[in-house]
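One structure is given here, and the rest of the page talks about it.
The values are calculated or read from the model by the stated rules, or taken from the named source; none is laboratory data. Predicted, not measured: the structure shown is a model, and the values here were computed from it. Glycine gets a Cβ as well: all are built from the backbone with ideal geometry, and neighbour counts include every protein chain shown.
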Amino acid sequence: MARLGVQVALGTSALLQELEQIWTEIGESEKEKDHMLSELEKECMQVYRRKVDEARSARARLHQSLVSKEAEVASLMALLGEQHLQLESDRLHNILEHVNEVHSLCGALGVDFRKIVGEVHPSLHETCGEKSTNISDTTLEGLSQAILKLRTEKKIRVQRLQDATASLLELWNLMDSSEEERRPFEKVTIKFRSPENDIMCPGVLSLEIIKQTEAEVKRLKQLKVSRMKELVMKKRLELEEICRYAHIEPDMSTAPEKTCALLDSCLVDPSELLTNIGTQIEEAKEQSMTRKEIIDRVNKWLFACEEENWLEDYNKDWNRYSAGRGGHLNLKRAEKARVIISKIPAIIDNLMSKIFIWEDERNVPFLYDGVHLVSILEEYKINRQQKEEEKRRYREHKKLRNLLLTEKEAAYGSKSTLKLSNSFDRKTNMYLTNGYGNGFMTPIRRISAGGATPELLTPRSHSGRYNSYFTEARRLSAAPLNFVAVSKEDAVSLFASVAGSGPGSPHT
């Protein structure tokens, strides 16, 4: 045996020297060499450990076979009338059952089987055939005590491992741990879901496994606080994105500044805070689904308002009918915009009816970025009516002006008409440019104190398309609800005074 060990050592040394020479030739670093040697030693240890376990199992099987044969012989002799051998056979069966159970418990707990049974009686693990197995009452009682002790230890370790595994699974789910981090503990977590009696896998309840699991739990708890802020902020951003899409106000109880302060002061459980935000996300998703139809109609209305603003700017362009590049595309868009704009009243009415149905079903007002949407729509309808009234009066005003100019031209000739037109245009332009710059007359009064505040009627917007309308809505909300337009009599007196001040006038 000693010579064999020397030969193995010499062979191993020669192989290691050859391996180091090859590594030197291929340029392996010292760090890589040490790592490979360490892995090689681990593999050798695993092979030795496996062989030892196999030898132990073979010994146990041989011992079991021997006991079975002895019991068989005893049974045969009992049939021949040897009653005392029957009693010995029964004892051997009891001893065998106890030894097998001790072997299973030792394998699960990672305890040395030979040491445990050796403390009961040395004959229980000796392989030589010179001594027979001791089957006395003392041996049987010692095995029973060893089994009871091992079962108690197993119960304690199972509870300890279950607590550690439960914490480990909770931390994994809480911190979104990767599969690579979870892989070393997959065996433990799978066995954790099994009943206590089924946890008999060799080594699964060893102190080494339990300590490794508890160390991983401790490490994750230390990382939890630092990463919890990131997870909370991530969930909060998800909540705000859902609320932005649905145009609802997010719950301020989990605002970023507030949650960071709570986590820093350790006044709240991070998992509870994360659960709270998760509940808010689910509620926001449900609200988003119930509001989707109305929000889509609001977007359709805002798109029509955007087209209306574009058409107004397009109509102010004196070169819109030129044959320049892209002119025909603008003409086509203008036609489409007119069709869309003509549908705005119907869009508003349908939208308001949908809102009323929604509010009646839930008995709560429909808020759009914190503002009652019906109030916004009603204000828009009033502003639109006022705008249409301005256009109508301006057209009448222009028609009256053209009529007066025609009469003046007929009465005083083309020369005075030219100067009259220049004088009139100067005063008219001064009057008209006092407004929005769109050719409409602009009143100078403000909304009464009982009217809605423009800021409250303007929802928060996150896109250029929304801003284009609600900027206009803020400006229009400063206009009075009852416009004061110049009457026809005032217009006649105005134009008469202008006409009378020109050359050739009878008033000069």
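Data table
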| read-out | value |
| --- | --- |
| K292 surrounded by 14 or more Cβ atoms within 10 Å (Cβ to Cβ) and either under 30 Å from I357 (Cβ atoms) or in contact with a His (Cβ under 8 Å, 6 or more places away or on another chain) (or both) | no |
| Count of residues meeting criterion [in a helix (DSSP H, G or I) and surrounded by 18 or more Cβ atoms within 10 Å (Cβ to Cβ)] in the stretch 232-262 | 9 |
| Selected residue [touching a residue at least 24 places away in the same chain (Cβ under 8 Å), farther than 28 Å from M289 by Cα and either of a type in the set (V, I, T) or touching a Leu at 6+ places or on another chain (Cβ under 8 Å) (or both)] from R401, R338 | R338 |
| Tally of residues being at pLDDT below 70, part of a helix (DSSP H, G or I) and surrounded by 11 or more Cβ atoms within 10 Å (Cβ to Cβ) across the stretch 75-89 | 7 |
| Residue that is farthest from V298 (Cα to Cα) [pool: residues in the stretch 336-352 that are surrounded by 13 or more Cβ atoms within 10 Å (Cβ to Cβ) and among the hydrophobic types (A, V, I, L, M, F, W, C)] | A337 |
| In the stretch 51-66, the residues that are of a type in the set (A, V, I, L, M) and either within 10 Å of N100 (Cβ to Cβ) or not in a helix (DSSP H, G or I) (or both) | A60 |
| Meets criteria (among the acidic types (D, E), more than 16 Å from D296 (Cα to Cα) and surrounded by fewer than 13 Cβ atoms within 10 Å (Cβ to Cβ)) for D360 | yes |
| Residue among I348, I355 that alone is closer than 29 Å to T290 by Cβ and in contact with a Lys or Arg (Cβ under 7 Å, 6 or more places away or on another chain) | I348 |
| Any hit, the stretch 235-257, residues being without any contact (Cβ under 8 Å) to a residue 40 or more places away in the chain, of a type in the set (K, R) and over 30 Å from I156 (Cα atoms) | no |
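This table checks each residue for (1) in contact with a strand residue (DSSP E or B) (Cβ under 8 Å, 6 or more places away or on another chain); (2) among the β-branched types (V, I, T); (3) within 30 Å of S226 (Cα to Cα); (4) not assigned by TED's automatic domain parsing to the domain that holds L174.
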| site | (1), (2), (3), (4) |
| --- | --- |
| E249 | yes, no, yes, yes |
| S253 | no, no, yes, yes |
| L267 | no, no, yes, yes |
| S271 | no, no, yes, yes |
| W318 | no, no, no, yes |
| L329 | no, no, no, yes |
| K336 | no, no, no, yes |
